[in-house]
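Since the structure comes first, as C-alpha cells, the remarks are kept for the end.
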Amino acid sequence: MSQAARSRAPAEAGAPALRMKGITKTFGDFVALDEVDFDLRNGEIHALLGENGAGKSTLMNVVAGLYAPDHGDIEVQGTPVRISGPQDARLLGIGMVHQHYKLVGGFTALENIMLFNPRGSFRQSRTAVRTAAADAADKLGFRVDLDARMDRLSVPEQQRVEIMKILIAGASIIILDEPTAVLTDAEAQKFFAAMRGLAEIGNSVVLVTHRLSEALSYADRITVMRGGRRIRTAHPEEVDADTLTELIVGTRIVEKPAPSEHVGAPVLTVSGLELTDAGGVVRLRGVTLDLHAGEIYCLAGIGGNGQTELVEALTGLVPPDAGRIDLAGHGKVTGLPPDRLRRLGLACIPSDRQGQALAGDLTVAENFAIGGVLAGRFGGALAVRRKPMAEAAAAAVRDFEVMGVRSARQKAGLLSGGNAQKLVIAREFSGAPSVIVAHSPSRGLDVRAAAAVHGHLRAARDRKAAVLLISEDLDEVLLLADRIGVMRSGRIVAEFPGGTDRRTIGRAMVGHD
Amino acid sequence: MDFLFNWLANIPPFAVPYALAALGLMICEKSGVLNLGAEGFLLVGALAGVGAILSAGASPAAALGIAMLATAALSLLFAVMVIALRVNQVISGLAIVFLAQGLTSLLGRTQGWTSRSFSGMPRIEIPWLSDLPWVGRILFSQDPVFYLTLVLIVFAAWALRNTHVGMRLRSVGENPEAADAAGIPVALYRFGAVVLGAALMGLAGGYLTVVISNIWVDNITGGRGWIVIALVIFARWQPLAALAGAVLFGGIEAVIPRLAATGFWVPQHFLLMLPYLLTLGVMVWSSLARRGRGGGPAALGDPFLREERR
Ligand SMILES: Nc1ncnc2c1ncn2[C@@H]1O[C@H](COP(=O)(O)OP(=O)(O)O)[C@@H](O)[C@H]1O
Ligand SMILES: [Mg+2]
C-alpha cells in the first residue's frame with residue numbers, strides 16, 4: 001500500500017493536490033460543516049484558521065477518512081475519489097496527525113509505526129520500519145528513541161512519532177491538527193522549518209491552528225472557517241492580524257444589550273489562584289477578579305486557556321494550589337467542598353451538560369430535586385417524598401419552559417441540549433443563589449434556546465446575583481457583559497467595560513497585541 | 001513423599017481447565033471486550049461435550065470439538081450484543097451466565113444427560129519420556145489436551161508479541177481509535193477474539209466433563225468461570241503468568257481429596273472454600289498492589305464507534 005502511494009505520478013508543483021467541494025457533515029441535527037469548499041496545492045503550506053468548534057478538525061477528519069460526509073465531492077491530484085476509511089486515505093497519500101494523537105500508549109514508538117506500516121512478515125516489517133524510521137528522523141532532524149514506550153515519551157516526541165508514521169506510509173498530503181499547541185516557541189520554529197522542507201520537495205501541508213502569527217508567517221495561503229462554513233481563503237500578504245481576527249470571530253450584528261441598572265458591592269473576590277493539573281501542566285497562573293452583585297462578568301477567551309480549571313476551583317471541585325476565594329458575608333471559602341459552597345449560595349452551570357450537570361439515567365424530577373433532597377426539603381434521610389418532588393419539578397418545567405418533558409418521570413438523558421440546559425438552570429436558580437458561575441451555557445444551542453438562557457442569566461442579575469459567564473462566543477459576551485475579562489494561558493490578561501468593540505477583545509483573546 | 005508425588009501428578013488435569021479458560025478469556029479481553037460470561041461458556045462447553053458422547057456416540061476428541069463449536073455459536077450472540085449493538089458489556093456477560101445456567105440445566109434434564117456416566121479420554125504415555133522418574137508421571141503421561149494446552153499457551157504468548165495479528169489485536173484493546181486510524185478493522189478483530197476466546201473456554205468446559213468427571217450434573221463448573229476472571233487479572237493478561245496461576249488453583253483443587261484421604265483433619269468445607277478464598281485474596285492483593293486494572297488493556301469494556309465522541 002505504501003508502495004502504491006510512492007508509485008503515484010510525481011505531483012506537479014502548484015497544481016491542486018486536494019480539492020473539496022460542498023462538503024456537509026451533520027452530527028444528529030447539528031450541522032458541523034455546511035457546504036465547505038477547500039483546496040490545497042502541491043508544495044504549499046496552507047493554514048486553516050478558526051475558533052474552537054469552527055469545524056476545522058471535522059473537515060480534516062473527512063479527508064482522513066474518519067468522518068463520512070453527508071455529501072460533497074473530493075478530488076485528489078485531479079481525480080475524483082471516495083474516501084470511506086483511513087485505509088483509503090492512506091492509499092491516496094493522505095496522512096493526518098490528529099489533535100489527539102492516535103497512538104497506542106502501551107506500545108513502543110517502533111510498534112506504533114509498524115502498526116501503521118506493515119511491510120511483509122512481522123520480522124521483515126520490524127527491520128524495514130526501523131530503517132525507514134531512522135531515515136525519516138534523519139531527514140527531519142528528529143531524534144526519537146524508537147524502543148521507548150509511547151506513554152513515556154514527551155508530547156513533542158509523540159508528535160514526531162506521529163509525523164514519522166505518516167511519512168513512512170508515503171503521505172504527500174500532510175495534515176497537522178493544531179501541532180504547535182503543545183510545542184514551545186523554539187520547538188515550533190524547528191517544527192516549521194521541517195514542514196517547509198517537506199513542502200519544498202513537493203508535498204503539501206495543511207496546518208490547522210488558531211494562532212494568527214503562525215498562519216501569517218509560515219503559510220502560503222490561509223483559509224478561515226467559522227461556524228462550519230468557509231469564510232475566506234487569502235494569501236498572507238492580502239490580510240493582516242486585524243482582518244483575520246474579524247474573519248475568525250465574525251461581525252454579526254449584536255442583539256440589543258441590556259446593561260445592568262445597578263451594580264452593587266463585590267460578592268465574590270478571587271485573588272492569585274494557581275493550579276497545576278495532575279499531568280503537571282500549569283493551568284491557572286494567578287487569576288484575580290471580583291464579581292459584584294447585579295453584574296454579569298463575562299470571561300472571554302479561546303477554550304483550553306484555564307477556563308475549565310477556574311470553574312473547578314471556584315465551585316470547589318478541585319482545590320487550588322495557591323490563592324484565595326472570598327464570599328461576601330462568609331469570608332474565606334477557598335477549598336470548601338461543592339456542597340458547602342452551594343449552601344452558601346453559589347450555583348454552577350457546568351459546560352458538560354449531560355456529563356456533569358445532569359444524571360441522564362435519572363428522571364427529570366430527580367435531577368431537578370437533588371439539591372432540595374440534600375437540603376431535606378423532600379423528606380429526611382430515610383425516605384424521599386416523591387409527590388412534592390414531582391410537583392416542584394413540574395412547576396419548574398412550566399416556569400422555565402423546558403420542552404419535550406412528557407412526564408416528570410421521564411429520563412433526563414432524553415432531553416435535547418437546549419431543554420436539558422433549561423432544566424439545569426431551573427434547578428440551579430431554584431435556591432436564589434447569590435453567585436452564579438455559568439460555563440458556556442449556550443454552547444450548541446439554537447438561537448431561541450440560547451436567547452432563553454440569556455434571559456434567565458439577566459433575570460438572575462436583575463435580582464442582584466453576581467453572574468460569572470465564561471464564554472468563547474464573542475457575540476454572547478458583547479450581548480450580556482457588564483464587564484469583560486479576557487483569559488489566556490491561565491491568566492486574566494485584560495479587562496474591559498461592557499460594550500468594548502469586538503476587535504479589541506478578539507485581539508486580547510488571540511494574544512496579538 | 002508419596003503424598004507429594006501423588007499430588008503433583010494430579011495437578012495437570014486440574015490446572016488444564018483453568019489454563020484453557022484463562023487463555024480464552026484473555027484473548028477476548030485483549031481485544032477490549034470485557035467478558036464476564038466465562039462461567040456460562042464453560043457450562044455450555046461442559047454440557048455439549050456430554051451430549052455429544054451420550055446422544056451422538058462421539059469419541060472424546062470429537063466431543064471436545066463439539067464443545068468448542070457450541071460455545072463459539074453461543075458467543076456469536078454475545079459478540080453481536082456487545083460489538084454490533086454495543087449493549088453494556090457487564091450486563092451482556094452476566095446475561096450469558098444466566099442464560100447458560102438455565103439452558104444447560106434444562107437440556108441436561110430433558111435430554112436425559114444428567115447423572116449418566118460414560119468413559120472419558122485415555123492418557124497418552126509419551127514413549128521413553130514417561131519412564132523418567134518423577135517428571136515422567138507428572139508431565140509425560142497425561143491426556144492429549146494437557147499437551148495441547150501447553151502448546152497453545154506458549155504459542156499465544158509468542159504470537160501476541162511477534163505477529164501482525166497479535167499486535168493488531170492488542171492495539172484494538174489498548175486504543176481502538178488509534179487502531180482504526182491505522183486501518184485495522186476494529187469490530188472484526190473484536191468479533192474474532194470473542195469467538196476464538198469462547199471456543200477455548202468451551203474446550204475448557206468440555207474437558208471438565210469429557211476428561212475429568214465423565215458425568216454431567218447441574219452447574220458442574222462450580223464457579224470456575226468466576227475464578228478464571230480473577231486469574232486473568234492476577235496474570236495481568238499474560239498467557240505464561242496465567243499458566244502459573246492455573247497451576248496454583250489446580251494445585252489447591254488437587255490437594256483437597258488427597259488431604260482428606262491422609263486422615264489429616266481439616267474441616268471439609270474449609271477445604272472446598274479454598275479456591276474462592278484464594279480468589280478473594282488475589283483480588284485484594286492485586287488491587288492493593290497496583291490500584292486499578294494494572295496491566296489490563298486500556299480500552300477494556302469500551303465500545304467503539306468511529307464517529308462517536310468520547
Ligand atoms: N464526533 C462528533 N460527534 C458530535 N459532534 C461533533 C463530533 N465531532 C465534532 N463535533 C462538533 O462539531 C463542531 C466542530 O468541531 P471541530 O471540527 O472539532 O472544531 P475545531 O474547529 O475546533 O476543530 C463542534 O461543535 C463539535 O462539538
Ligand atoms: Mg480541532
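All of the numbers you see were taken from the coordinates with simple rules; none came from a lab. Keep in mind it's a predicted model, so treat the numbers as computed, not measured. All Cβ positions, glycine included, derive from the backbone under ideal geometry; neighbour counts span all protein chains shown.
At-a-glance table
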{"item": "Stokes-Einstein diffusion coefficient of the protein assembly as shown, Kirkwood radius over Cα pairs, 10 °C, 1.306 mPa s, in µm²/s", "result": "52 µm²/s"}
{"item": "In order through segment A:97-113: 3J(HN,Hα) via Karplus (6.51 cos²θ - 1.76 cosθ + 1.60), integer Hz, x for Gly, Pro", "result": "9, 6, 4, 9, 4, 9, 10, 8, x, x, 9, 6, 4, 4, 4, 4, 5"}
{"item": "Residues of segment B:250-282 with amide N under 14 Å of the 7 Å Cα→Cβ point at B:Phe3", "result": "B:255-267"}
{"item": "Calculated FRET efficiency for the pair A:Asp88/B:Leu103, C-beta based, R₀ 45 Å, to 0.05", "result": "0.55"}
{"item": "Interatomic Cα distance distribution for segment B:1-56, bins of 5 angstrom, percent", "result": "4, 15, 16, 17, 15, 13, 11, 6, 2, 0"}
{"item": "Number of partner chain Cβ atoms within 10 Å, mean per residue of B:169-181", "result": "6"}
{"item": "Estimated translational D of segment A:316-404 in µm²/s (Stokes, Kirkwood radius over Cα pairs; 10 °C; 1.306 mPa s)", "result": "105 µm²/s"}
{"item": "B:Val87 long-range amide H proximity, modeled H, under 5 Å", "result": "B:Val82"}
{"item": "Per-residue HN-Hα couplings for segment A:191-202 [Karplus 6.51, -1.76, 1.60; θ = phi - 60°; Hz; x = Gly/Pro]", "result": "4, 5, 4, 4, 5, 5, x, 5, 5, 5, 8, x"}
{"item": "Semi-axis lengths, Å, segment B:173-310, gyration tensor of Cα atoms, sqrt of 5 times eigenvalues", "result": "36, 19, 11"}
{"item": "Among A:20-31, A:306-317, the order from most to least packed when residues are scored by Cβ within 10 Å on average", "result": "A:306-317, A:20-31"}
{"item": "Radius of gyration, Dmax [segment A:266-510; alpha carbons; angstrom]", "result": "17.8, 57"}
{"item": "Inter-site label distance for B:Arg258 and B:Val165 at 7 Å from Cα along Cβ, in nm", "result": "3.7 nm"}
{"item": "Inter-chain Cβ neighbour average for residues A:89-100, partner chain, 10 Å", "result": "1"}
{"item": "Scaled radius of gyration (Cα, divided by 2.2 N^0.38 Å) that segment A:102-170 gives", "result": "0.98"}
{"item": "Segment A:228-329 - Rg over Rh from alpha carbon coordinates, Kirkwood radius", "result": "1.10"}
{"item": "Along each principal axis, Cα extent of chain B, largest first, Å", "result": "63, 45, 41"}
{"item": "Relative contact order (percent, whole number), segment A:266-510, Cα cutoff 8 Å, 6+ residue spacing", "result": "29 percent"}
{"item": "HN-Hα J in Hz across segment A:434-443 - Karplus 6.51, -1.76, 1.60, θ = phi - 60°, x for Gly and Pro", "result": "9, 10, 10, 9, 10, 9, 6, x, 10, 4"}
{"item": "Nearest 10 degrees, 0 to 90: helix B:89-110 Cα axis against chain B principal axis", "result": "40 degrees"}
{"item": "Stretch gain in nm, segment A:Val384-A:Leu344, where the contour uses 0.36 nm per residue and the Cα spacing is subtracted", "result": "12.0 nm"}
{"item": "Mean Cβ neighbour count within 10 Å, used as a protection proxy, ranking A:322-329, A:220-227 highest first", "result": "A:220-227, A:322-329"}
{"item": "Rounded Å value of the spacing that divides the Cα centres of segment B:47-77 and segment A:112-167", "result": "46 Å"}
{"item": "Debye equation applied to the C-alpha atoms of segment A:405-495, log10 I(q)/I(0) at 0.19, 0.21, 0.25 Å⁻¹", "result": "-0.95, -1.10, -1.36"}
{"item": "Structure-based [θ]222 nm, chain B - -39500 (n - 2.57) summed over DSSP H runs of at least 4, per residue, nearest 500", "result": "-23000 deg cm²/dmol"}
{"item": "Peptide-level mean, for A:60-72, of C-beta atoms on other protein chains within 10 Å", "result": "1"}
{"item": "Mean separation of Cα contacts under 8 Å (6+ apart) over length of chain A, as relative contact order %", "result": "15 percent"}
{"item": "Segment A:467-513: Cα Rg divided by the 2.2 N^0.38 Å rule of thumb", "result": "1.02"}
{"item": "Mean separation of Cα contacts under 8 Å, 6 or more apart, over the residue count of chain B: relative contact order %", "result": "38 percent"}
{"item": "Per-selection Rg to Rh, segment B:55-119 - Cα, Kirkwood hydrodynamic radius", "result": "1.07"}
{"item": "Mean Cβ count within 10 Å, highest first, over the residues of peptides B:159-165, B:201-207, A:418-424, B:49-55", "result": "B:201-207, A:418-424, B:49-55, B:159-165"}
{"item": "Distance between segment A:31-87 and segment A:440-513 - C-alpha centres, whole angstrom", "result": "31 Å"}
{"item": "Ellipsoid equivalent to segment A:155-310 - semi-axes via the Cα gyration tensor, in Å", "result": "38, 23, 12"}
{"item": "Spin-label pair A:Ala134/B:Ile124, simplified geometry with 7 Å Cα→Cβ offset, distance in nm", "result": "4.4 nm"}
{"item": "Using alpha carbons only: equivalent-ellipsoid semi-axes of segment A:70-191, gyration tensor based, whole Å", "result": "24, 19, 13"}
